[in-house]
Ligand code: TMP
């Protein structure tokens, strides 16, 4: 039987990575031997290219293609083989990050970047079975993560506000796939909620 694909999404500073570490150590989840992974991938040719692009002032369309190439590599080498073996795959960021982030970074370059980026994935990506959206006010998130690259604090908040709106729009469009988690609370409480939902989901069928 095909395994389940679970993804974790949210704006920078949502505390997602802290919770992911907790999930990796969680004994209730360990019973299922889930495969933990992430996008951008780490230690791969495509993941390294993405990392270099993020650190430098790379053209935003070029950045989209690097993120998307990394997704293709991630799917081919890790996600699909694991799902085919019946494994539960838990990915820290996945395609919805591209739709939301590049949906904003490309808004001055393309007429409808969100639809365009989604179209780019059509026919070959694997749609997650369950997606947690770690939702948080951009003001709180920015305080948590500091500033990225050249952006001022104000630009960063404005940027993340746009990304968050897109994420919330996806959740509204697909309520059966998305679970919105209030990420402003303690990581332990967020962990508890996420673990319970994952267990309910995996044990459902
Ligand atoms: P990380 O902080 O989860 O390592 O992700 C790195 C940054 O890249 C983060 O700001 C989100 C962004 N990102 C995109 O813009 N597009 C994508 O497709 C992915 C996976 C991440």
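The values are calculated or read from the model by the stated rules, or taken from the named source; none is laboratory data. Here the structure is a predicted model, which is why all the values come from computation and not from measurement. Neighbour counts are summed over all protein chains in view; Cβ atoms, including those assigned to glycine, are modelled from backbone coordinates with ideal geometry.
Quick one: which helices (runs of 4 or more DSSP H) sit completely within the range 1-99 and have at least 1 residues that are in contact (Cβ under 8 Å) with a residue 24 or more places away in the chain and within 12 Å of the ligand (Cβ to nearest atom)?
Ranges flagged: 16-25, 45-55, 60-74.
Can you tell me which residues in the range 116-138 are part of a helix (DSSP H, G or I) and either modelled with pLDDT under 95 or within 12 Å of residue 10 (Cβ to Cβ) (or both)?
138
Can you tell me which residue among 193, 153 is closer than 15 Å to residue 131 by Cβ and over 16 Å from the mean Cα position of the chain (by Cα)?
193
Return the residues of the range 164-188 that are in contact with a strand residue (DSSP E or B) (Cβ under 9 Å, 6 or more places away or on another chain), part of a helix (DSSP H, G or I) and farther than 24 Å from residue 3 by Cα; say none if nothing qualifies.
Of everything in the range 164-188, those that are in contact with a strand residue (DSSP E or B) (Cβ under 9 Å, 6 or more places away or on another chain), part of a helix (DSSP H, G or I) and farther than 24 Å from residue 3 by Cα turn out to be 164, 167, 168, 172.
Here is a yes/no grid of residues against (1) modelled with pLDDT of 95 or more; (2) surrounded by 18 or more Cβ atoms within 10 Å (Cβ to Cβ); (3) closer than 21 Å to residue 156 by Cβ:
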position	(1), (2), (3)
44	yes, no, no
47	yes, yes, no
68	yes, yes, no
76	yes, no, no
81	yes, no, no
87	yes, yes, no
95	yes, yes, no
101	yes, yes, yes
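Restricted to the range 100-115, and to residues that are within 14 Å of the ligand (Cβ to nearest atom) and in a helix (DSSP H, G or I), which residue is nearest to residue 170 (Cα to Cα)?
By that ranking, first place goes to 100.
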